[in-house]
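S.K.: The structure that follows is given in the form of structure tokens.
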Number of protein chains: 2
Amino acid sequence: MHPAFEHVGRGEAIRAALAADPAFTLVEPDTWGIEPIAAVHDPGLIRFLGSVWSEYQQQHPGTREVMPDVFLRPDLRTGMGPTVEPASIEARLGWWSYEVTTPITEGTFDAALGAVDTALGATRLVLDGERAAYGLCRPPGHHAGTSLYGGYCFLNNAAVAAQHVVATTGVRVTILDVDYHHGNGTQQIFYERDDVQYVSLHADPVRAYPFITGFAEETGTGRGLGTTTNITLPPAADDTVLLAALDRAVEQVAAFAPELLIISLGLDTSIDDPIADLAVTADGFERCGAMIAELSLPTVVLQEGGYAVASLGENVRRWLLGLDRS
Amino acid sequence: MHPAFEHVGRGEAIRAALAADPAFTLVEPDTWGIEPIAAVHDPGLIRFLGSVWSEYQQQHPGTREVMPDVFLRPDLRTGMGPTVEPASIEARLGWWSYEVTTPITEGTFDAALGAVDTALGATRLVLDGERAAYGLCRPPGHHAGTSLYGGYCFLNNAAVAAQHVVATTGVRVTILDVDYHHGNGTQQIFYERDDVQYVSLHADPVRAYPFITGFAEETGTGRGLGTTTNITLPPAADDTVLLAALDRAVEQVAAFAPELLIISLGLDTSIDDPIADLAVTADGFERCGAMIAELSLPTVVLQEGGYAVASLGENVRRWLLGLDRS
């Protein structure tokens, strides 16, 4: 057991770095409510996340972090598949999640709602004419699926933003995910869709969380066949290797021809990151931003992972300057 | 995090209590090998359990307890169900298990094989003419399914014994499970079968592990419809309540008319148990044994749970004396 790598100090470090640079204008998010979230997530998951803390406290007073122990596997009973949400809080934890790195604490649901508000606020700025806007979302979102939370993620900020764009404007959207980890949630949400493309660069799931998804052979299904792209990175990938992979990703984006781009920005590809094994520098991050700017698309950048708190703010700042300067 | 309640001291306490009583004759188990296990469990699970410790040590040297973090859920990717065993050790842990209370340590596989040998040795004694034999199995087995380990269980001792009886003699067998926890593994293994009955008394899964299975409405499927019986117990159930439930269970057994009985004996229904909420006494355990003896069936008793080490040996002894005296 160790303290969670995803903590409030990350958001504070990023905010401080951007606030100190006059190139950035800080805007507070407003409140969007449940409706845009319910367009992406199972209403049962939203209800569960809204009540699990107080329900668990009633049954197990004093618990500070709520975690699942037992998971709903279809092979627990011959012929048994997921049917309806079970009764007990313990079974429901294992019904709505798939892993054990994501404790629920007292403020989790409010924070998750705030992260979605931040994503939607940044999206509105871009829809209203800004060339780019960055949402300092915390907790992150890309591991949260339609009906599953996990990987420090509860609600999928980028997916809610993309769905909001599609629903309100009808334009095609690409989510380009550059976090160290595969965004299994975002992939699942849009896996059958042809109006939202998902392109992800990430560490090969043979060695990296989430281990189960993110392989190159996963390319979408049904109408969505071909709209999912997974590009995996070897250990110790540096600026050169990352930029070469990003170049391939950008080609995929250009081929889809979206009218709006959402970036799931993880800085855990950094050489400093305590839980990853890549070697990207601040210069490399700035060049990534610049390469994406060449797509000349209205761009919403949403914060995902990145756990090297000492360099996190500067790495975000440099990435965004790259996007802005080109 | 706390030390596991399932530890070697349990077996030592039971052995000491039985060795001190001249009513019991202790016999060492012999070795049966993989074949009877492979008649019940997925060969992939057996291979995995045999290699996971050394594989994990190679990748993460110094780990003392190997645990899954991420579980294979069919809803991780739209249209994705279990297909083939994944590549990484992390994904394979979550492929072969369903929960996080069951660390794998250096001696786990050898211990699991030893527990099966113990179960098969006790079974042979009964097939050879003993009216009853008790197998001091550790680790327990009833949570292990065809392709899943968990709940301190790796290989399903009772299921392997039952399958061995069916395969070698053709007689009908009942597994009567009186552990505090539902034996989800045993239920799953025989859920579609009509030659092995599974009857379980256990704490209502609304409040107790495994939370997901063990409800009264689970009665088998296909040819097995009606051969699974789940009887749930309320909190604080005492000798009277337990014996009334056991009486119902015994009626079910008699109706199935097996020729051999296997008891999954958990003593975690004890008033002393540190992880359960029932109130059965040593007298109650003796009366349970006596009630089962009235079925007049050759009986193999296999150890499952029970975590109150101070009274565990005496409770097993009294239960077995009840079975022997009537």
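S.K.: Can you bin the range B:58-173 into rounded, prolate or oblate? Criterion: square roots of the alpha carbon gyration tensor eigenvalues sorted a ≥ b ≥ c, rounded for a/c under 1.5, prolate for a/b above b/c, oblate for the rest. Walk me through the numbers on the way to the answer.
M.R.: Details: a/c = 3.29, a/b = 1.76, b/c = 1.87.
Oblate, since a/c reaches 1.5 and b/c is not below a/b.
S.K.: Using a Förster radius of 45 Å, what is the FRET efficiency between A:ALA19 and B:ILE275 based on their Cβ-Cβ separation? Nearest 0.05, please. It would help to have the intermediate numbers written out before the result.
M.R.: Values: r = 50 Å, r/R0 = 1.12.
It comes to 0.35.
S.K.: Return the sequence-ordered ³J(HN,Hα) values of the range B:284-298 in whole Hz as given by the Karplus equation 6.51 cos²θ - 1.76 cosθ + 1.60 applied to θ = phi - 60°, using x for Gly and Pro.
M.R.: Ordered by residue, 3J(HN,Hα) equals x, 5, 4, 5, 4, x, 5, 5, 6, 4, 5, 5, 6, 10, x Hz.
S.K.: May I ask for the angle, rounded to the nearest 10°, between helix B:43-59 and the longest principal axis of chain B, with both axes built from Cα atoms and the value confined to 0 to 90°?
M.R.: 60
S.K.: Now a separate question. Can you give the net charge of the other residues whose Cβ lies under 9 Å from the Cβ of A:PRO298, counting K and R as +1 and D and E as -1?
M.R.: Here the charged neighbours net out to -1.
S.K.: Could you calculate the FRET efficiency of A:ALA38 with B:GLU85 from 1/(1 + (r/R0)^6), where r is the beta carbon distance between them and R0 is 41 Å, rounded to 0.05?
M.R.: It comes to 0.70.
S.K.: For peptide A:85-91, compute the average count of partner chain beta-carbon atoms within 10 Å of each residue's beta-carbon.
M.R.: Mean shielding count: 5.
S.K.: Sort the following peptides by mean Cβ neighbour count (other Cβ atoms within 10 Å, averaged over residues), highest first: B:170-183, A:48-61, B:98-111, A:177-190.
M.R.: Details: B:170-183: 25.0, A:48-61: 14.7, B:98-111: 18.4, A:177-190: 28.8.
The densest-packed peptide leads the list: A:177-190, B:170-183, B:98-111, A:48-61.
S.K.: Can I ask one more? With each pseudo-label sitting 7 Å past Cα toward Cβ, what's the B:THR105-B:GLU259 distance in nm, one decimal?
M.R.: 4.2
S.K.: For the pair B:THR168 and B:GLU12, how long in nm is the line joining their label points, each one 7 Å along Cα→Cβ?
M.R.: Distance between the two pseudo-spin positions: 3.2 nm.
S.K.: When the Kirkwood hydrodynamic radius is evaluated over all pairs of different C-alpha atoms of chain B, what value in angstrom, to one decimal, is obtained?
M.R.: 19.8
S.K.: In nm to one decimal, list the spacings between the B:GLY222 label point and its equivalents in the other copies, with label points set 7 Å along Cα to Cβ, shortest first.
M.R.: Going from nearest to farthest copy, the values are 2.9 nm.
S.K.: Return the long-range amide H neighbours of B:LEU260 (sequence gap of 5 or more, or a different chain), with a cut-off of under 5 Å between placed amide H atoms.
M.R.: The list, which skips near neighbours in sequence, is B:THR174.
S.K.: Would you calculate the separation in nanometres between label points at A:HIS60 and A:THR219, each defined as 7 Å from the Cα along the Cα-to-beta-carbon direction?
M.R.: Output for this residue pair reads 4.4 nm.
S.K.: From the mean inverse distance of alpha carbon pairs (Kirkwood) and the Cα radius of gyration, derive Rg over Rh for the protein assembly as shown. It would help to have the intermediate numbers written out before the result.
M.R.: On the way: Rg = 27.9 Å, Rh = 26.5 Å.
In the protein assembly as shown, Rg relative to Rh is 1.05.
S.K.: Partner chain Cβ atoms within 10 Å, averaged over the residues of B:206-216 - can you pull that number for me? Let's see the in-between values first.
M.R.: Working: counts 6, 5, 2, 4, 6, 14, 13, 6, 1, 2, 0.
Per residue, the average neighbour count from other chains is 5.
S.K.: Run through the DSSP bridge list for the range B:139-232 and note the antiparallel percent, rounded to the nearest 5.
M.R.: Around 10 percent antiparallel, to the nearest 5.
S.K.: Right, something else. What residues of the range A:248-282 lie in the reach of a label at A:ALA236, counting those whose backbone N is under 18 Å from a point 7 Å from the Cα along Cα→Cβ?
M.R.: Taking a point 7 Å out along Cα→Cβ of A:ALA236, the residues of the range A:248-282 whose backbone N falls under 18 Å are A:269-281.
S.K.: Quick one: which residues, 5+ away or cross-chain, put their amide H under 5 Å from the amide H of B:THR146? H built at 1.01 Å from N.
M.R.: HN-HN under 5 Å from B:THR146: B:ILE189.
S.K.: Still on this structure, please answer the following. What gaps in nm, shortest first, separate B:THR63 from its twins in the other copies when you place the label 7 Å past Cα toward the beta carbon?
M.R.: Distances between equivalent label points, in nm: 2.5.
S.K.: Right, something else. Tabulate in residue order the Karplus-calculated ³J(HN,Hα) for the range B:61-69, using 6.51 cos²θ - 1.76 cosθ + 1.60 with θ = phi - 60°, rounded to whole Hz; enter x for Gly and Pro.
M.R.: x, x, 5, 9, 10, 9, 9, x, 10
S.K.: Next question. How many partner chain Cβ atoms sit within 10 Å of a residue's Cβ in peptide B:187-197, on average, as a whole number?
M.R.: Details: counts 3, 6, 1, 1, 4, 2, 1, 0, 0, 0, 0.
Partner-chain Cβ atoms within 10 Å, mean over residues of B:187-197: 2.
Any read-out appearing in this document is the output of simple, stated calculations on the displayed coordinates, not a laboratory observation. For clarity, every value in this text was computed on a predicted model and none was experimentally measured. Positions of Cβ are generated from backbone atoms using ideal geometry, with glycine treated the same way; all protein chains shown enter the neighbour counts.
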